[in-house]
Amino acid sequence: MVDKKIGMTLTRHIYEGEREHPDATGELTGILNQIALASKIVSREVSKAGLAQILGFTGRENVQGENVRKLDVFANDVFVAAFNHLGHFCIMLSEEVPEPIEIPERYSGGQYAICFDPLDGSSNIDANVSVGSIFGIYHKISPGQGGTKEDLLQPGRALAAAGYVVYGSSTMLVMSAGHGVHGFTLDPSVGEFLESHHNIRIPERGTIYSANEGNYPYWSEAVRGYISYVKQPDSASGRPYSSRYIGSMVADVHRTLLYGGIFMYPADTKNLAKPHGKLRLLYECAPMAYLIEQAGGAASTGTGPVLDVVPTEIHQRVPFFAGSRENVEELESFIARYDDARTGKAVGSSNE
Ligand code: AHM
Ligand code: MG
């Protein structure tokens, strides 16, 4: 007998989700299907990057004498082509493009805006390390036909859906449309994403910390204090924690979602032009924060939920601390304590 779970494709999952909501228009189904299609194409190219000689080069010719593009540029082109004639979007934002991407007028009547990072962590590709795509989908809020920056500059709390695709030892799409987080693994033999992880829940507390510790000297005293704390032996809380850092956000967040712990990219003083860390709010941090919260975890800038940050610029960066709820709260308590010490307030005093 065929197990009915075998038939739970991404498409069916989304369709069934929409069926439970009679007011749903089916647009989100169309969008997620298109994301799945684009990510299958990107996955195919990522997996044969070395063979196709498209890694690390741009504007060069491959063995067939065709022009080749860097893989992140290729991925951007694939996602843009998948979205801009769909009719479901009014505007798009990509990490690869400085300004919002307008939709051709004929197709610009869609009721959604999308922010995406087509290929995050692409500096890892030459070493065959996992990379990923990230997306966040918002309802259109601007009046009239077409979209404006207003549709993109929304807090993560307003996300209608978000997800990522990790191109790792297998390709996996993890998404939420506000009803839990679900993971789908690409079965290349049938070309379908099949549900492999239903309702992912992040552990309440984990014993892995994940950060680029080379930046330690440039972090705030509070973050340095927290990192010293996680290394101090304490059997009750499982310290010292293990350190794991891939340097590819999608892979690091994916592991954190499944195993628990804390992933972070704090602000640092190394580059004064980047006082808010490295990661971008709209297409890196907010979608990941949405997934982590949907899975029962927490995502913070250090002083409050990432999802509550109201963006003022499309390529804005924020400090990012995400993972198991207890770990993130612990990190926040370090920041509050150091802030209190700086401002002369007694540790543990209230914030009123
Ligand atoms: P990118 O968008 O240019 O790929 O940069 C983002 C990546 C993330 O995937 C990762 O978390 C981070 O940069 C790693 O940065 P670092 O090398 O400073 O540790
Ligand atoms: Mg990126």
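The values are calculated or read from the model by the stated rules, or taken from the named source; none is laboratory data. This one's a predicted model, so the numbers in the text were calculated from it and none came from an experiment. Glycine gets a Cβ as well: all are built from the backbone with ideal geometry, and neighbour counts include every protein chain shown. Accessible surface is based on the protein model in full, side chains and every heavy atom, while ligands, DNA and RNA are left aside. Shrake-Rupley method; radii C 1.70, N 1.55, O 1.52, S 1.80 Å.
Taking the criterion of being more than 11 Å from ligand 1 (Cβ to nearest atom) and polar (S, T, N, Q), the residues of the stretch 106-124 that qualify are Ser108, Gln111. Answer yes if at least one residue in the stretch 91-105 is open to solvent by less than 10 Å² (accessible area, probe 1.4 Å), more than 11 Å from ligand 1 (Cβ to nearest atom), over 17 Å from the mean Cα position of the chain (by Cα) and at pLDDT 95 or above, and no otherwise. Taking every residue of the stretch 91-105 in turn, at least one turns out to be open to solvent by less than 10 Å² (accessible area, probe 1.4 Å), more than 11 Å from ligand 1 (Cβ to nearest atom), over 17 Å from the mean Cα position of the chain (by Cα) and at pLDDT 95 or above.
Would you call Leu71 within 16 Å of Asp120 (Cα to Cα) and either aliphatic (A, V, I, L, M) or modelled with pLDDT under 75 (or both)? Answer is yes for this residue.
Quick check: is even one residue across the stretch 200-218 assigned by TED's automatic domain parsing to the domain that holds Ala289, assigned to a loop (DSSP other than H, G, I, E, B) and within 16 Å of ligand 2 (Cβ to nearest atom)? Yes.
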